[in-house]
Each structure stands twice: as structure tokens, then as C-alpha cells.
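The block underneath contains the structure these notes are about, expressed in C-alpha cells.
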Amino acid sequence: MDLISLIIPCYNEQESIPHLEKALNELTSSMSEVNFEIILVDNCSEDNTLKMMKELHEKDNRYQYISFSRNFGKDSSMYAGLKASKGDYVAVMDADLQDPPELLKEMYAIVKTGEYDCVATKRGDRKGEPWLRSVLARMFYGLMNKISSYEIVDGARDFRLMTRQMVNGILKLEESERFTKGIFSWVGFRTKWLTFENHERVAGETKLPMKSAFNYAIRGIVAFSTVPLVMASGLGILVFFAAILYTLYVIIFQLITHEAVSGYPSLMCVMLFGFGVIMMILGVIGQYMAQMYLEIKNRPKYIIRDTSIEQ
Ligand code: UDP
Ligand code: MG
């Protein structure tokens with residue numbers, strides 16, 4: 001019998017967990033042809049999430065938990081879950097039931113055919129999301145796919161079922177600044193995409209505020225594209241040629257009219273423009289340096305405070 005590991009990152013999900021438990025129990029009893037291992041990863045929640053996880057584990061030992069010493073972010077939770085998983089197939093899903101668990105049946109049937117190594121999901125629309133977030137997200141995906149050679153599907157969720165082989169591939173990428181959507185794409189393998197209608201979160205509020213979504217976007221770009229660096233040098237070259245043209249103009253103007261180009265305003269414009277460009281380029285380089293710095297330190301991606309899984 002196959003073992004499926006379900007990895008579920010949770011942060012302050014005390015309201016969702018009872019719904020999750022019910023949905024998972026329904027799912028597992030309807031898929032009696034497989035065994036399940038459910039790994040709940042607590043991102044150091046401030047509410048009763050961990051307590052509830054422990055109760056679940058006591059009641060039903062298919063439920064396991066890993067609890068972090070602080071919030072290391074959802075990407076680290078997924079990594080910890082993948083690392084601890086033992087299943088022949090491994091799925092990642094959210095705790096708030098925005099990823100419909102019943103879809104797993106179809107996903108499992110597809111990977112079982114052997115034609116695909118992974119069944120991933122995306123949502124059909126962004127219904128129920130604040131419009132500004134939708135617009136920014138669309139812009140991000142548009143840009144990302146132009147400047148990165150790895151496809152990042154718009155609306156893709158982290159909800160997916162993968163073979164052990166693919167999971168082992170993902171675990172080989174040990175970067176600490178993890179942009180999991182990019183990593184899924186980077187490792188390759190044959191992926192089938194399913195589209196499902198967007199669901200509202202079952203209870204509680206979103207745990208990913210706009211600010212962290214923005215940082216996540218920058219991290220994704222820096223991690224999976226070097227085009228901004230190329231653009232920075234391109235901009236430098238452009239400004240250099242503009243400077244040459246302007247110098248020529250100044251010389252020719254002087255030769256023809258025997259008058260100097262009037263000074264202060266034009267000087268100021270050129271200087272401010274030049275400074276602006278330099279700052280911008282430094283900013284871009286800075287982002288890459290920051291990511292290099294964080295990678296070089298090679299800190300652990302998470303620290304476990306409490307777990308039911310033997311390490
Ligand atoms: N999550 C997490 N750590 C965090 C933030 C979120 O483990 O720091 C989990 C959260 O509990 C949920 C999933 O990641 O299971 C997705 O978060 P959320 O539903 O808040 O994001 P949204 O669906 O609004 O993008
Ligand atoms: Mg959600």
C-alpha cells in the first residue's frame with residue numbers, strides 16, 4: 001500500500017484546525033487504498049494551534065507535528081515537512097481549506113498512471129482577494145515570467161502532490177532564502193496542472209500580510225533571475241552614451257556660437273539624473289548581495305522546539 005504524506009504548514013490556525021481535521025478524516029476514509037501520514041508544521045503560533053496538534057496526535061497517530069522555535073515562514077515549514085516525510089507520494093496543502101483536500105483523490109489517480117511526477121494546482125480566478133493585491137500579484141507574475149527562465153504559473157498554489165523522487169530533488173536545494181514556487185519549477189519533472197475555483201479561507205484571517213507578500217516577490221525575483229543585474233548594466237551603458245552625446249553637443253555649441261552652454265540648471269539635471277541611476281543600480285546589486293550574504297552564513301532554515309517525529 002502506498003503511503004501519502006500530507007504536509008500542512010500552520011500559523012495561528014486554531015479556528016481552522018477542527019474543520020481541517022474533519023475534512024482530512026473524510027478524505028482518508030474515502031481513500032482507503034492508501035496509508036496517510038499527516039505532518040502538521042507549527043510556525044510558532046501564539047494561539048492554541050500546537051496544543052490542538054498534540055491532541056490530534058494523541059487521538060490518531062497518523063497525525064504528527066513539528067513545532068518551530070519561532071516563525072521561520074511558510075517556505076521553511078514546507079521544507080521541514082518535506083524533510084520529515086516518509087511517503088511514496090507527498091502533498092503540501094494549506095490549513096485553511098483553501099486547497100480542497102478532496103482534490104487529492106484525482107491528483108493521486110493522475111500520478112499513479114506514471115505519466116506525471118507531480119500534480120499541481122492553480123486557482124481559476126482571484127475572487128475574494130483585495131483588488132490591489134490582485135493587480136500587484138498579476139504584475140509580479142507577468143514580470144517574473146519575462147525575466148526568469150523558470151516558469152512561475154500565475155495563480156499557482158503550493159497545493160500539489162509529488163513523487164518521492166521529486167521531493168528528493170527539492171530537498172537537494174538547500175538555499176535558506178526559499179522561494180518554493182520557483183524551486184518547484186526549477187527541479188523540473190513532468191507536472192500536470194489542475195485548475196480549481198478559488199475558495200475563501202474556512203476560518204480566521206490571512207496570515208500573509210501585504211508587506212510580506214511584497215518581500216516574497218522581491219526574494220523570488222532575486223532568487224530566480226539575474227536579469228535585473230543585466231538591466232542595471234544596460235542602464236549604465238545607456239547613461240554613458242547619453243553623457244557622450246551631451247558632451248558632443250556642448251562642444252559643438254561652443255564651436256558654433258562661441259558661448260558656453262548655460263551652467264547651473266543643466267548641470268543640476270545631469271547630476272541628479274546620474275545620481276539617481278547610480279543609486280538604483282546600487283540598490284539592485286544590494287538586493288543580490290543581501291541574498292548572497294544570507295546564503296553564505298548558511299544558517300539553519302528552521303529550529304525545532306517540539307516534535308512528535310523522531311529526528
Ligand atoms: N502560514 C505559515 N506561516 C506563516 C504564514 C502562514 O505556516 O508565517 C500558513 C498558514 O497557516 C496557512 C498557509 O501558510 O496554512 C497559507 O497562509 P494564508 O492562508 O494565511 O495565506 P493566503 O491564503 O491568505 O495567501
Ligand atoms: Mg489561505
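Matching residues to (1) modelled with pLDDT under 90; (2) within 14 Å of ligand 2 (Cβ to nearest atom):
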{"position": "ALA84", "(1), (2)": "no, no"}
{"position": "ASP88", "(1), (2)": "no, no"}
{"position": "GLU102", "(1), (2)": "no, no"}
{"position": "ARG123", "(1), (2)": "yes, yes"}
{"position": "PRO130", "(1), (2)": "yes, yes"}
{"position": "VAL135", "(1), (2)": "yes, no"}
{"position": "MET144", "(1), (2)": "yes, no"}
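Kindly list the number of the only condition in (1) touching a Lys or Arg at 6+ places or on another chain (Cβ under 7 Å); (2) open to solvent by less than 50 Å² (accessible area, probe 1.4 Å); (3) within 16 Å of ligand 2 (Cβ to nearest atom) that fails for PHE179.
Exception for PHE179: condition (3).
Would it be correct to say that ALA203 is within 25 Å of GLU13 (Cα to Cα) and away from ligand 2 (no atom under 16 Å from the Cβ)? Before you say what the answer is, go through the steps one by one.
On the way: within 25 Å of GLU13 (Cα to Cα): yes; away from ligand 2 (no atom under 16 Å from the Cβ): no.
Criteria not met by ALA203.
Of the residues in the range 262-304, how many are surrounded by 11 or more Cβ atoms within 10 Å (Cβ to Cβ) and not in a helix (DSSP H, G or I)?
Adding up the residues that qualify gives 4.
Which residues, taken from the range 127-171, are assigned to a loop (DSSP other than H, G, I, E, B) and more than 17 Å from the chain's Cα centre (by Cα)?
Step one: of the range 127-171, the residues assigned to a loop (DSSP other than H, G, I, E, B) are 127-130, 148-155.
Matches in the range 127-171: LYS127, GLY128, GLU129, PRO130.
The values are calculated or read from the model by the stated rules, or taken from the named source; none is laboratory data. None of the values given here were measured: they were computed from a predicted structure. Reconstructed Cβ throughout: ideal geometry from the backbone, glycine too, with neighbour counts over all protein chains shown. When the accessible area is computed, the model is the full protein with side chains, heavy atoms only, and any ligands, DNA or RNA have been set aside. Shrake-Rupley method; radii C 1.70, N 1.55, O 1.52, S 1.80 Å.
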